[in-house]
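*Asks:* Starting off with a structure, shown below.
The values are calculated or read from the model by the stated rules, or taken from the named source; none is laboratory data. The structure presented is a predicted model; accordingly, all values stated were derived computationally and were not measured. Because the Cβ atoms are built from the backbone with ideal geometry, glycine has one as well, and the counts that use them run over all protein chains shown.
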């Protein structure tokens, strides 16, 4: 099987990343595994989709360069992150090409390209039932943001609609003296999101990996990682210093996942990470959700294998 992983930039891959582990493990299974950047796909005069790729061996090393033409029975795994330096036009064109390859050439694309387009921003979480998400507004109107913050009895979280790694995320109260300056920072980039602060956030959040409509589970262990913020920072992003720990899969977490995961799978989002605080989903990671390696280490099981099994099954039994 030809298996192409598409990332922002292959030169930025790190051996510790989940994507790199997947590349090596798929190659070890005997598949022809390649990796390409988001701008490495194109359409020729015969409406075929080409990809400039690097081959990957079972050690994870990138070997020779090549050009592939995607066709029926090929698998494309999308592991991009549009919020990390990937320009909007390049990302949009990539999804157009992948959707075309799926519709007209029988290429299996995971996650589904049209679904990824819908889920590009944090606004996608508004599709979930109201009880699963914090009270939220999305706007570019500073007056509405101020009204939300002032009317909220507790703290509020302000952040850009498209972002990652905790960048430009602020915690404020109704009497925040720097609210105007914070809004200026957020609204320069477009729409902003204001959410009520979930009190359990002081203890961190829990990322649960879901696969094909259910929590990713191996030998009774769920791929769930708790991310504990530093004492000097409310954000739970590892990139800003939060520490990953094994997470207990509580009945509260189970109820949230069982309510949300089937909805995501039905919308073409088979592999996702749900960031949960208390009984609320704060974010849905649909592109290249990490933490799978940490979960495997914490629980002493292999969470990568069932994901690769799913990839193979998706090609063997296309919908």
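*Asks:* Read through the list (1) at pLDDT 90 or above; (2) touching a strand residue (DSSP E or B) at 6+ places or on another chain (Cβ under 7 Å); (3) not in a loop (DSSP other than H, G, I, E, B), then give the number of the only condition that residue 134 fails.
*Replies:* (3)
*Asks:* Separate question: Those residues that are surrounded by fewer than 16 Cβ atoms within 10 Å (Cβ to Cβ) and either out of contact with any helix residue (DSSP H, G or I) (no Cβ under 9 Å at 6 or more places or on another chain) or over 26 Å from residue 131 (Cα atoms) (or both), I need them from the stretch 172-182; list them, please.
*Replies:* Of everything in the stretch 172-182, those that are surrounded by fewer than 16 Cβ atoms within 10 Å (Cβ to Cβ) and either out of contact with any helix residue (DSSP H, G or I) (no Cβ under 9 Å at 6 or more places or on another chain) or over 26 Å from residue 131 (Cα atoms) (or both) turn out to be 175, 177, 178, 180, 181.
*Asks:* Consider the stretch 14-27. How many of its residues are more than 18 Å from residue 272 (Cβ to Cβ) and touching a residue at least 24 places away in the same chain (Cβ under 8 Å)?
*Replies:* Going through the stretch 14-27 one residue at a time, the tally reaches 8.
*Asks:* Scan the stretch 269-282 for residues that are surrounded by 19 or more Cβ atoms within 10 Å (Cβ to Cβ) and in contact with a helix residue (DSSP H, G or I) (Cβ under 6 Å, 6 or more places away or on another chain) and report the count.
*Replies:* Final tally of qualifying residues: 5.
*Asks:* Out of the stretch 104-123, which residues are part of a helix (DSSP H, G or I) and either more than 15 Å from residue 78 (Cβ to Cβ) or free of Cβ contacts under 8 Å to residues at least 60 places away in the same chain (or both)?
*Replies:* Result: 104, 105, 113, 117, 122, 123.
A quick yes/no check of all residues on (1) more than 22 Å from residue 247 (Cα to Cα); (2) within 24 Å of the chain's Cα centre (by Cα):
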| site | (1), (2) |
| --- | --- |
| 150 | yes, no |
| 162 | yes, yes |
| 180 | yes, no |
| 183 | yes, no |
| 201 | no, yes |
| 210 | no, yes |
| 215 | no, yes |
| 225 | no, yes |
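*Asks:* Quick check on residue 302: is it touching a helix residue (DSSP H, G or I) at 6+ places or on another chain (Cβ under 8 Å), farther than 25 Å from residue 122 by Cα and modelled with pLDDT of 95 or more?
*Replies:* Criteria met by residue 302.
*Asks:* In addition: Out of 32, 79, I need the residue that is surrounded by fewer than 18 Cβ atoms within 10 Å (Cβ to Cβ), under 21 Å from residue 310 (Cβ atoms) and either outside the structural domain of residue 268 (by TED's automatic domain parsing) or modelled with pLDDT under 95 (or both). Which one?
*Replies:* Criteria check complete, one pass: 32.
*Asks:* Does residue 253 meet the test of being modelled with pLDDT of 95 or more and within 18 Å of residue 228 (Cα to Cα)?
*Replies:* In short, yes.
*Asks:* Which strands (runs of 3 or more DSSP E) sit wholly inside the stretch 5-79 and have at least 3 residues that are closer than 20 Å to residue 109 by Cβ and under 24 Å from the mean Cα position of the chain (by Cα)?
*Replies:* Output list reads 32-37, 49-56, 75-78.
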